[in-house]
Amino acid sequence: MDAKEAETARDAAAVTAYLEASMVPDPETAAGYMKPGIAIVFTGGRVFRHPREVTAFNAGRYAWVKKRMERLDVVPGQGITTVYSLGTLYGAWPDGTAFEGNRYVDRFTVQDGLIVSMEVWNDSAERILERQGGPA
């Protein structure tokens, strides 16, 4: 493995470790994989600065939620690695109703083994609209 491949593998491993810690949820461990002051941009343009803010947001949206990580797409760059995590969310809504198959894509920019930016997209808003009887 050459130096670039090792860097790319390290950066992808940081993303996987972050995602696993965030699902516990253990926001303090998750934060160890992120550069301080990071912008974590969620659906709807919501910006969080620490994984504990994400955990608090998710606590209001779900009774619990986990990711079924189906694949990582890893794109090496000059001094950075872009990692896409794709899969589905499963869990329970606040009223306890189970759900699964909620698609997500997370885009991470990783530099020197630390996540320096994160963007999150998923189908939760559409699922919530459907539950309320509205068009998705």
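The values are calculated or read from the model by the stated rules, or taken from the named source; none is laboratory data. Nothing here was measured: the structure is a model prediction, and the numbers come from that model. Cβ sites come from the backbone with ideal geometry, for glycine too, and all protein chains shown count toward neighbours. Heavy atoms of the whole protein, side chains included, go into the accessibility calculation; ligands, DNA and RNA do not. Shrake-Rupley method; radii C 1.70, N 1.55, O 1.52, S 1.80 Å.
Exactly one residue among 33, 104, 62, 84 is of a type in the set (Ser, Thr, Tyr) and touching an Asp or Glu at 6+ places or on another chain (Cβ under 6 Å), and that residue is 84. Among helices (runs of 4 or more DSSP H) entirely within the range 18-136, having at least 2 residues that are more than 28 Å from residue 6 (Cα to Cα) and out of contact with any strand residue (DSSP E or B) (no Cβ under 6 Å at 6 or more places or on another chain) singles out 51-61, 124-131. Return yes or no: is residue 61 without any contact (Cβ under 8 Å) to a residue 60 or more places away in the chain and either over 17 Å from residue 125 (Cα atoms) or touching a helix residue (DSSP H, G or I) at 6+ places or on another chain (Cβ under 9 Å) (or both)? No: the conditions fail for residue 61.
Of all residues in the range 51-94, which are charged (D, E, K, R) and at pLDDT 95 or above?
Those that are charged (D, E, K, R) and at pLDDT 95 or above: 52, 53, 66, 67, 68, 70, 71, 73.
Residues are listed down the side, and each one gets a yes or a no for (1) under 13 Å from the mean Cα position of the chain (by Cα); (2) among the hydroxyl-bearing types (Ser, Thr, Tyr); (3) open to solvent by less than 30 Å² (accessible area, probe 1.4 Å); (4) farther than 27 Å from residue 9 by Cβ:
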site: 64; (1), (2), (3), (4): no, no, no, yes
site: 74; (1), (2), (3), (4): no, no, no, no
site: 89; (1), (2), (3), (4): yes, no, yes, no
site: 94; (1), (2), (3), (4): no, no, no, yes
site: 117; (1), (2), (3), (4): yes, yes, no, no
site: 133; (1), (2), (3), (4): no, no, no, yes
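Number of residues in the range 96-106 that are farther than 14 Å from residue 61 by Cα, open to solvent by less than 20 Å² (accessible area, probe 1.4 Å) and free of Cβ contacts under 8 Å to residues at least 40 places away in the same chain equals 1.
Specify which of the listed residues (125, 56) is touching a residue at least 24 places away in the same chain (Cβ under 8 Å), exposed (fewer than 15 other Cβ atoms within 10 Å of the Cβ) and aliphatic (A, V, I, L, M). None of the others qualify; the one that does is 125. Go through the range 8-49 and count every residue that is open to solvent by 50 Å² or more (accessible area, probe 1.4 Å) and touching a residue at least 40 places away in the same chain (Cβ under 8 Å). Selection size over the range 8-49: 4.
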